[in-house]
Amino acid sequence: QVQLVESGGGLVQPGGSLRLSCAASRSIGSIVDMGWYRQAPGKQRDLVAAITRGGSTNYADSVKGRFTISRDNAKNTAYLQMNSLKPDDTAVYYCRFDADWGITRYNYWGQGTQVTVSS
């Protein structure tokens, strides 16, 4: 079974920082896009940030200027640096990798990691 393993979540005060990591447990083919999503209780899962294999990035308006997505292709790992955190950032964060295996495109999801921003 292929797994995306997430780490780095936790409890932080408003204005603090966290760095999330997401790594594939083994080779999953050629990874094209990596992204981070979040879901708060009772709400839909929304895209937070995405990065292509070439390094182009896209961010939700709510996190622009505060969050930075990056990737290490050699390690099959994605990162999300979160600064100036707000209570509204509280959610379960999920990573997603889109990868090509032969002629087929596959989607992989992490297990989710809780981020809580509270004083």
Point to revise | Members of the stretch 12-26 found to be open to solvent by less than 70 Å² (accessible area, probe 1.4 Å) and either out of contact with any helix residue (DSSP H, G or I) (no Cβ under 7 Å at 6 or more places or on another chain) or hydrophobic (A, V, I, L, M, F, W, C) (or both), listed by number | key: Val12, Gly15, Gly16, Ser17, Leu18, Leu20, Ser21, Cys22, Ala23, Ala24, Ser25
Review point. From Gly9, Gly35, Gly29, which residue is surrounded by 12 or more Cβ atoms within 10 Å (Cβ to Cβ), within 27 Å of Ser119 (Cα to Cα) and in contact (Cβ under 8 Å) with a residue 60 or more places away in the chain?
Key: Gly9
Review point. What single numbered condition from (1) out of contact with any strand residue (DSSP E or B) (no Cβ under 9 Å at 6 or more places or on another chain); (2) more than 21 Å from Gly102 (Cα to Cα) fails to hold for Lys43?
Key: (1)
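I'm trying to understand the selection: among the residues of the stretch 68-91, which are aromatic (Phe, Trp, Tyr) and within 16 Å of Thr116 (Cβ to Cβ)?
Scanning the stretch 68-91 gives no hits.
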Review point. Are any of the residues in the stretch 87-97 open to solvent by less than 50 Å² (accessible area, probe 1.4 Å), out of contact with any helix residue (DSSP H, G or I) (no Cβ under 8 Å at 6 or more places or on another chain) and over 17 Å from Arg19 (Cβ atoms)?
Key: yes
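Residue-by-condition table, conditions (1) crowded, with 19+ Cβ neighbours inside 10 Å; (2) touching a strand residue (DSSP E or B) at 6+ places or on another chain (Cβ under 7 Å); (3) closer than 21 Å to Ala24 by Cβ:
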position: Lys64; (1), (2), (3): no, no, no
position: Phe67; (1), (2), (3): yes, yes, no
position: Arg71; (1), (2), (3): yes, yes, yes
position: Ala74; (1), (2), (3): no, no, yes
position: Leu85; (1), (2), (3): yes, yes, no
position: Ala99; (1), (2), (3): yes, yes, yes
position: Ile103; (1), (2), (3): no, no, yes
position: Gln111; (1), (2), (3): no, yes, yes
Practice item. Would you mind finding the one in Ala99, Ala50, Ala78 that is farther than 19 Å from Val12 by Cα, at pLDDT below 95 and either of a type in the set (Lys, Arg) or in a strand (DSSP E or B) (or both)? Key: Ala99
Review point. Which of the residues spanning the stretch 1-42 are at pLDDT below 95 and not in a strand (DSSP E or B)?
Key: Gln1, Val2, Gln3, Ser25, Arg26, Ser27, Ile28, Gly29, Pro41, Gly42
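The values are calculated or read from the model by the stated rules, or taken from the named source; none is laboratory data. Computed from a predicted structure; not experimentally measured. Because the Cβ atoms are built from the backbone with ideal geometry, glycine has one as well, and the counts that use them run over all protein chains shown. Side chains are part of the model used for accessible areas, which takes the heavy atoms of the whole protein and leaves out ligands, DNA and RNA. Shrake-Rupley method; radii C 1.70, N 1.55, O 1.52, S 1.80 Å.
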